[in-house]
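Participant: Shown below is the structure under consideration.
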Amino acid sequence: GLLFCLNARAMELRIISYVTEPDGNVLLSEMDNITFRDNHSGKSAPIIVDPGQKYQTMEGFGFALTGGSAQMMIQMSPQARHELIEELFGKGEGQAGISCIRLSLGASDLNSFVFSYDDMPEGKEDWTLSQFSLAQDLNDVVPVMKEILAVNPDIFIISSPWSAPTWMKESRDVRGGKLRRECYEVYADYFVKYIKAMAAQGIHIDAVTVQNEPLNNRNTPSMPWDPQDQLDFIADYLGPAIKAGGIDTDIILFDHNCDRIDYPLAILADPRISEYVCGTGFHHYMGDLSAMAQMHLARPDKD
């Protein structure tokens, strides 16, 4: 799916048109500047451009590099993979210039199998995270991401978990099951371990979301969160852990559909959260995109 980042800071009006034709003869080619003329006939609704009305800036566009796509890409020949990455992430003529990318923090529902970075045998737990390892990502996501960074070192990287390790969950299952309250601290440390481990690979994680689709417990893997639990986790554990770790990674809350802006608004209403959260993530499987405009009007201080 398409990923785009919005920023609450406004910018001056500037209109540029890029066109791709169906026959492929024109690929992301910059066209002449758009000119507006006042020739409204009264038969249709006019388009009114008000330079005094400013909204959010668009930080970038991109996609998710799932474990499944990384697995496919790593099986390509080096030359073919390089050409693909250049076409997607390069900034030259006819290249897509993707400027942000989303990684799954552990397995997503598009991996060929489910894993976390600290899987334990049944009945075992690892409260010190001594068994934490990026081993699976080192097979595909990390090497592909390094090649992407070689083409676009400034790409904005967001990481999202689909589930905590099963030993941290009430259900002890990859699908559904809330995070055990006594595991809030160790799960926050798990995020920090991941961010630092990726940094050691030369991959800077610009932002993390707390949970992909916190209101969906049907994915494999998945893990539901209600607003109060997500608030407590960020304010008392994840935010302080990232701050104490000297990490500049932002936290994005919610990360679910446009029909539930009550969820992020309820969390942002607590003053404890403001210093830790940069903004809200939305999906568009349900609801209307105008919800993001409502969110911006309610909290223009957050992205």
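Participant: Quick one: work out the % antiparallel among DSSP beta bridges in segment 148-303, nearest 5.
Facilitator: 10
Participant: Please express the Cα-Cα pair-distance distribution P(r) of segment 144-303 as a list of whole percents, one per 5 Å bin, running from 0 to the bin with the greatest distance.
Facilitator: The calculated distribution, bin by bin, is 2, 9, 17, 21, 20, 16, 11, 4, 0.
Participant: What shape does segment 187-253 take by its C-alpha gyration tensor, where a ≥ b ≥ c are the square roots of the eigenvalues and a/c under 1.5 counts as rounded, a/b above b/c as prolate, and the rest as oblate? Walk me through the numbers on the way to the answer.
Facilitator: On the way: a/c = 2.46, a/b = 1.46, b/c = 1.68.
Oblate shape, in that a/c is at least 1.5 and b/c is the bigger or equal ratio.
Participant: Additional query: When ligands, DNA and RNA are left out and all protein chains stay put, how many square angstrom of accessible area per residue does the chain have with a 1.4 Å probe?
Facilitator: Values: 15910 Å² over 303 residues.
Value for the chain: 53 Å² per residue.
Participant: Express the carbon and sulfur contribution to the solvent-accessible surface of the chain as a percent, rounded to the nearest whole number, probe 1.4 angstrom. Spell out each step's value before the answer.
Facilitator: Working: 8190 of 15910 Å².
Whole-percent figure for carbon plus sulfur exposure: 51.
Participant: Taking only the alpha carbons of the chain, what extent do you get along each of the three principal axes, in Å, biggest first?
Facilitator: Principal-axis extents of the chain (Cα, largest first): 73, 50, 35 Å.
Participant: On to the next question. I need the phi-derived Karplus couplings for segment 209-216: 6.51 cos²θ - 1.76 cosθ + 1.60, θ = phi - 60°, integer Hz, Gly and Pro marked x.
Facilitator: 9, 5, 6, 5, 6, x, 9, 10
Participant: Kindly state, to the nearest 0.05, the FRET efficiency for ASP226 paired with GLN79, given R0 = 35 Å and r defined as their beta-carbon distance. Spell out each step's value before the answer.
Facilitator: Details: r = 49 Å, r/R0 = 1.39.
For ASP226 and GLN79, the calculated efficiency is 0.10.
Participant: HIS283's amide H: which non-local residues (gap 5+, or another chain) put their own amide H closer than 5 Å, with H modeled 1.01 Å from N in plane and none for Pro or chain starts?
Facilitator: HIS256, ASN257, CYS258
Participant: Here's another thing I want to ask about it. Please give me, ordered by residue number, the GluC sites (Glu not before Pro) of segment 152-235 that lie in loop per DSSP and have at most 14 other Cβ atoms within 10 Å.
Facilitator: Values: sites: GLU170, GLU182, GLU185; in loops: GLU170.
Those satisfying the criteria are GLU170.
Participant: Okay, moving on. What ranking, highest mean first, results for peptides 112-125, 155-168, 55-68, 186-199 when packing means the other Cβ atoms within 10 Å averaged over each residue? Please list the in-between numbers first.
Facilitator: Numbers: 112-125: 13.7, 155-168: 23.0, 55-68: 17.4, 186-199: 20.4.
Peptide ranking by packing, descending: 155-168, 186-199, 55-68, 112-125.
Participant: Per residue of segment 261-278, what does 6.51 cos²θ - 1.76 cosθ + 1.60 with θ = phi - 60° give for ³J(HN,Hα)? Whole Hz please, x for Gly and Pro, Karplus curve as stated.
Facilitator: 6, 4, 4, x, 5, 5, 5, 5, 5, 8, x, 5, 8, 4, 6, 9, 9, 8
Participant: Among DSSP bridges having both ends in the chain, what percentage is antiparallel? Round to the nearest 5.
Facilitator: Numbers: 9 of 29 bridges.
Among the beta bridges of the chain, antiparallel pairing accounts for roughly 30 percent.
Participant: Can I ask one more? Could you tell me which trypsin sites (Lys or Arg not before Pro) in segment 35-115 are loop residues by DSSP with no more than 16 other beta carbons within 10 angstrom of their beta carbon? Show your work: numbers first, answer last.
Facilitator: Numbers: sites: ARG37, LYS43, LYS54, ARG81, LYS91, ARG102; in loops: ARG37, LYS43, LYS54, LYS91.
Within segment 35-115, the qualifying trypsin sites (Lys or Arg not before Pro) (loop, at most 16 other Cβ atoms within 10 Å) are ARG37, LYS43, LYS54, LYS91.
Participant: Does segment 209-303 come out rounded, prolate or oblate by the C-alpha gyration tensor, with a ≥ b ≥ c the root eigenvalues, rounded set by a/c under 1.5 and, if not, prolate when a/b is larger than b/c and oblate if not? Kindly include the intermediate steps, with their values, before the conclusion.
Facilitator: On the way: a/c = 1.90, a/b = 1.23, b/c = 1.55.
Cα axes put segment 209-303 in the oblate bin.
Participant: Follow-up question, since we're still on this one. Name the trypsin sites (Lys or Arg not before Pro) in segment 203-286 that are in a loop by DSSP and that have at most 13 other C-beta atoms within 10 Å, would you?
Facilitator: Passing both the DSSP loop test and the Cβ count: ARG218.
Participant: Also, quick follow-up: Contact order normalised by length for segment 117-253, with contacts defined as Cα pairs under 8 Å and 6 or more residues apart; what percent is it? Mind dumping the intermediate values first?
Facilitator: Working: 181 pairs, mean separation 35.1, N = 137.
That works out to 26 percent.
The values are calculated or read from the model by the stated rules, or taken from the named source; none is laboratory data. No experiment lies behind these values; they were computed from the predicted model shown. No Cβ is skipped: glycine too gets one built from the backbone with ideal geometry, and neighbour counts run over all protein chains shown. Side chains are part of the model used for accessible areas, which takes the heavy atoms of the whole protein and leaves out ligands, DNA and RNA. Shrake-Rupley method; radii C 1.70, N 1.55, O 1.52, S 1.80 Å.
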